[in-house]
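Novice: Below are the structure tokens for one structure; questions will follow.
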Amino acid sequence: MGFSTRLKAAILLVFLVLILTELVAGRFVVEKNSLRVTSPDSIKGTHDSAIGNFGIPQYGGSMAGTVVYPKDNKKGCKSFDDFGISFKAKPGAMPNFVLVDRGDCFFALKVWNAQNAGAAAVLVADDIAEALITMDSPEEDHASEKYIANITIPSALVDKSFGEQLKKAISGGDMVNVNLDWREAVPHPDDRVEYELWTNSNDECGVKCDMLMEFVKDFKGAAQILEKGGYTQFTPHYITWYCPQAFTISKQCKSQCINHGRYCAPDPEQDFSVGYEGKDVVLENLRQLCVFKVANETKKPWVWWDYVTDFQIRCPMKEKKYNKECADGVIRSLGLDLKKIEKCMGDPEADSDNPVLKEEQDAQVGKGSRGDVTILPTLVVNNRQYRGKLEKGAVLKALCAGFEETTEPSVCLSGDVETNECLDNNGGCWIDKTANITACKDTFRGRVCECPVVNGVQFKEMAILLVLRVGLGDAKSVMEAVGTKTEMESLSLLVWMMMWGNANVLPDLKVMVSKVVMISMNVRRRRPVNALNAAARIHGAVMSKRSAEVKSAWTAVWIILIGLAMAAGGRISCTSID
């Protein structure tokens, strides 16, 4: 490397360090999910874990699994195939969550190796006693870019103390079962999800720019559906930095900044002497902000997605079309008011603040539960920073988790975000193998079991298992539907109907069954009641409180049948008989 080249590199490095200095001291918030140990009793309890900044966290849902700590390759830095280790769960068994130690290689590589060996999730045990940190992906290089984009399982960091507890229990022969829960990772304060994407118009910054451009293109359709339906409020943001006062008249600041050093961006090619300059990026970022503001004034904020995707296609840096002329052509094609956008942008040569960019710099500072925005790209959902892969399905899960359960729009129940739990043993739900009809339905929160509609025919739940599905907690609704006075009387009546079979049910009772089915199908959606849940519902105080009402033989029959259903796992069963 010649002297002049080294000097250019040194100047560039110093400049970047100076403009990024303010960000280093910023407040960084670690986003967490809940980790609950269900067995053994010695370590049972709930712990925090830090969500990894790659892979796909199951926002809005939860996962149960068994923790496995490998005897070899404990840090997970090598392929587990080299050690003959597989983490694929056997049929009918819980999925395996692999515990690995921190150190020696990138977090993402550990997760990638475990995923290839069949792990359903990865826990990384910290090797020093410290507060939880966010596991980030490494800076892109040819080696890491091959696997970062393909990590599809969730991961989390646990602190050293808890990691040691897990290892001790496993080495002692205990089966360690845990539940990873992301249901409250995104708050849902109201019926609208507010989210923001901190982005950049630069398309020459490597893998991250390519990933961002691909995401914007893929997510455009879903984003516009959500916005047009009033389900979400989206706001784009752009990071800018300022040039230190002592350098505002330098060649470097003049080429990378506008408004006399107030708003800057790094050189796209990281070479001041060739290609585009940082101020070109700042100007296009400002233009995209003004496109959003003008579109928002006309009650069509979703047009921002059209402009950004069209600009990517028509005005790339590689083809030397990243300029005002090309941008103006895209603006006109979308029917936006070009004069309003130019007025919004203001004078980039003015020695004064630009109101739009000043607002952006103020917004970079963390508020409430959100930390400072220092990394591009960054997604924030309901004021919580999203962690994980910037990919359509993963981001849609996070947005959908921002809605109260049962209030999410239909796009949240599409194939893009389903968990595919029905692929494994039909999710434990009812299935008619002959007709290939199943009660299992995948959602972004996990699978649910509900009787399907096939060729216009609504399958219905059989009465006894319907009792389990509705549960004692909803007995009042059952009583109102069937006109009985006590909960036991309602449940006994349902058992009586089941015992006599559909052929012998009187017309009036058929109506009652239909009403109860309607109630059960509209009860707050949840996973099917399993044996333990069913047992809890008729256990102890609940049964003793109702004992005075046990007056008929039918009630005794009901209790027996509940026991049989519990033994069967409390699964629903469906019938097509009207």
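Novice: Could you work out Rg/(2.2 N^0.38 Å) for the range 261-391, with Rg from alpha carbons only? Each step should come with its number before you reach the end.
Specialist: Numbers: Rg = 15.8 Å, N = 131, 2.2 N^0.38 = 14.0 Å.
Rounded to two decimals, the normalised Rg is 1.12.
Novice: Given labels modelled 7 Å from the Cα in the Cβ direction, how far is it in nm from Glu359 to Leu413?
Specialist: Once both label points are built, they end up 3.7 nm from each other.
Novice: Can you compute the modelled spin-label distance between Lys228 and Glu349, with each label point 7 Å from Cα toward Cβ, in nm?
Specialist: So the label points at Lys228 and Glu349 sit 4.3 nm apart.
Novice: With the radius of gyration and the Kirkwood radius both derived from the Cα set of the range 90-228, what is their ratio Rg to Rh? Let's see the in-between values first.
Specialist: On the way: Rg = 18.6 Å, Rh = 18.1 Å.
Checking Rg against Rh, the ratio lands at 1.02.
Novice: If the cut-off is a Cα-Cα distance under 20 Å, which lysines reach Lys74, setting aside same-chain residues fewer than 8 apart in sequence?
Specialist: Once the sequence-local lysines are set aside, what remains near Lys74 is Lys88, Lys110, Lys160, Lys167, Lys168.
Novice: Under 17 Å Cα-Cα from Lys293, which lysines qualify once same-chain neighbours fewer than 8 residues away are excluded?
Specialist: Lys228, Lys339, Lys340, Lys343, Lys358
Novice: Still on this structure: Could you go through the range 122-130 in sequence order and give the Karplus-derived ³J(HN,Hα) for each residue, using 6.51 cos²θ - 1.76 cosθ + 1.60 with θ = phi - 60°, rounded to whole Hz, and x for Gly and Pro?
Specialist: Listing the rounded values in order: 10, 10, 10, 8, 5, 9, 9, 7, 7 Hz.
Novice: Please compare each pair in Lys300/Lys320; Lys78/Lys397; Lys32/Lys208; Lys251/Lys318 to a cut-off of 28 Å on the Cα-Cα distance and tell me which ones are over it. Don't jump to the answer; show the numbers that get you there.
Specialist: Values: Lys300/Lys320 30 Å; Lys78/Lys397 31 Å; Lys32/Lys208 24 Å; Lys251/Lys318 24 Å.
In this structure, Lys300/Lys320; Lys78/Lys397 exceed 28 Å between Cα atoms.
Novice: In addition: Does the range 298-355 classify as rounded, prolate or oblate by the C-alpha gyration tensor (a ≥ b ≥ c root eigenvalues; a/c under 1.5 gives rounded; else a/b over b/c gives prolate, otherwise oblate)? Intermediate values should be presented prior to the final figure.
Specialist: On the way: a/c = 2.14, a/b = 1.20, b/c = 1.78.
Oblate.
Novice: Whole-Hz Karplus ³J(HN,Hα) for the range 288-296, in order, using 6.51 cos²θ - 1.76 cosθ + 1.60 and θ = phi - 60°, x for Gly and Pro?
Specialist: 5, 5, 6, 4, 5, 5, 5, 5, 5
Novice: On the accessible surface of the range 348-409, probed at 1.4 Å, how many percent belong to carbon and sulfur atoms? Present the calculation step by step, with values, prior to reporting the outcome.
Specialist: Working: 1060 of 2190 Å².
C and S fraction of accessible area: 48 percent.
Novice: Here is a further query. Take every DSSP beta bridge with both residues inside the range 174-283 and express the antiparallel ones as a percent of the total, to the nearest 5.
Specialist: Rounded to the nearest five, the antiparallel share is 30 percent.
Novice: Continuing with this model, one more query. On full extension of the chain, what length is gained from Ser42 through Asn150, given 0.36 nm per residue of separation minus the C-alpha to C-alpha distance? Walk me through the numbers on the way to the answer.
Specialist: Working: separation 108, 0.36 × 108 = 38.88 nm, distance 3.67 nm.
Using 0.36 nm per residue and subtracting the Cα-Cα distance, I get 35.2 nm.
Novice: Counting only residues 5 or more places away or on other chains, whose amide H sits under 5 Å from the amide H of Gln233 once H atoms are built in the peptide plane?
Specialist: Val193, Glu194, Tyr195
Novice: In terms of the Cα gyration tensor, with a ≥ b ≥ c the square roots of its eigenvalues, is the range 281-321 rounded because a/c is under 1.5, prolate because a/b exceeds b/c, or oblate? Before the final figure, lay out the partial values.
Specialist: On the way: a/c = 4.28, a/b = 1.83, b/c = 2.34.
It is oblate, given that a/c is not under 1.5 and a/b is not larger than b/c.
Novice: Let me ask another. How many angstrom lie between the Cα centre of the range 180-231 and the Cα centre of the range 251-296?
Specialist: 23 Å
Novice: Would you list Ile85, Ile249, Ile225 from the most to the least accessible area, probe 1.4 Å?
Specialist: Working: Ile85 35, Ile249 135, Ile225 100 Å².
Listed by decreasing accessible area, they come as Ile249, Ile225, Ile85.
The values are calculated or read from the model by the stated rules, or taken from the named source; none is laboratory data. This is a predicted model, so every value here is computed, not measured. As a convention, Cβ positions derive from the backbone with ideal geometry for all residues, glycine included, and neighbour counts pool all protein chains shown. The accessibility values were calculated without ligands, DNA or RNA, using every heavy atom of the protein model including side chains. Shrake-Rupley method; radii C 1.70, N 1.55, O 1.52, S 1.80 Å.
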